[in-house]
Amino acid sequence: MRALLVALFVGASLAAMSCGPVRCTSTSCPTGLLCDPNTLACLERSVDGGSTRTDGGRPDAGERDAGAMPTTDAGPPTVCGSCSLATPLCDEATRRCVRCTATQGCFGDTPVCDLSFQGGLGKCERCVADGGGCGGPTPVCDVVNARCVGCLRNGDCPGGRCDLLRLLCVADDGGVTPFDAGVGGPSCPGPRDGGSLSCVTECPSGFTCQGNECVLNGGGADLQVTLRWDSTEDLDLYVEEPLPDGGTCEIFYGARTPACAAGALDLDSQAGCAMDLVLIENVVYPVDGGRPPAGTYAVRVNHFRTCSAIQWVPFRVEVRKGPTTMGLCGVFKPSDPDWNVGGASGAGRPVMTFTYP
């Protein structure tokens, strides 16, 4: 009898020892299980990357072998475990280690987390595209140059226009600003006139032979609108000419000589990436057909198609009224919403308005 009691006592003791909780580490759980840092128990991985039980919280045989402990009501367990220096923060929303979150990890000169970087791992930046990190008089983020500016396009300036030289919103006074520089990055494309190219009867596309010199199309008229660029991209010039009734008539590659307009588009350069390499488009007016319509003109430029791996497409718009030429410079970048958008009537980035005469 005494031997039997001793055996029962030893068996009960061993049973109590085998049923006691076994705390796990991040590497001690069997394949298919994760160590829950809240309970220090090996739990099954769920479909969404968390850990779960399938029997209402009662450990099954596999969990008992791994030393599992019952779950608590403290909320969904995290699977971040111990995050490394490269990704030091646990994003509870996605249950993984990240570089930064919307509220943690960034400070100083790079206070904003770009949550889109590398699928959500994040990257600390000076500002992000949706305006995060910018405010006051410089509410727009120039992500290419990592700086806050007043505007990058006219759409950033309700009730006004964007001065593309200073990247500030100004009143839309119907005037134009003298050009002297590009908008960051590459410089503004310079003149490509053929004044130094002698001719007898023929000149390159976009030019006419006058007095033994190749002269830009439309140079003899009192009004001329010119688009220049210096890459193989397909850009297009749009001009809205005023009508006597207060409306406008649009001139562009799809309506180069509309009946409602006095002006006409001389050519569609780089059309569909056809490499003519003229890189100039003009809206020209007849030399002897009377004065162009009086009123307010609007000029737009459209990035129709990407023809290369280029990252910057600087452009230059000129308006010549008599002997005076003025204009603006701008640039298209892959991060712009109007990059490689195709085009039709009404397309294009608003660049400037001007009045004639």
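General observations
- By average C-beta atoms within 10 angstrom, highest first, the peptides 225-236, 327-338: 225-236, 327-338
- Net charge of Cβ neighbours under 13 Å - reference D114; Lys, Arg +1; Asp, Glu -1: +1
- V287/A171 FRET efficiency (R0 30 Å; Cβ-Cβ; nearest 0.05): 0.30
- Rounded if a/c under 1.5, otherwise prolate or oblate - the range 272-351, Cα gyration tensor axes: prolate
- Packing-based order for 199-212, 117-130, using average beta carbon neighbours within 10 Å, highest first: 117-130, 199-212
- For the range 266-318, the Kirkwood hydrodynamic radius from C-alpha pairs, put into Stokes-Einstein at 37 °C and a viscosity of 0.692 mPa s, yields a diffusion coefficient of 236 µm² per second.
- Residue separation of S335 and W312 scaled by 0.36 nm, minus their Cα-Cα distance, works out to 7.3 nm of gained length.
Taken together, the values in this text are just the output of simple stated rules run on the coordinates, not laboratory data. Just so it is clear, the model here is predicted, and its values are computed rather than measured. A quick note on method: Cβ atoms are made from the backbone with ideal geometry, for glycine too, and the neighbour counts reach across all protein chains shown.
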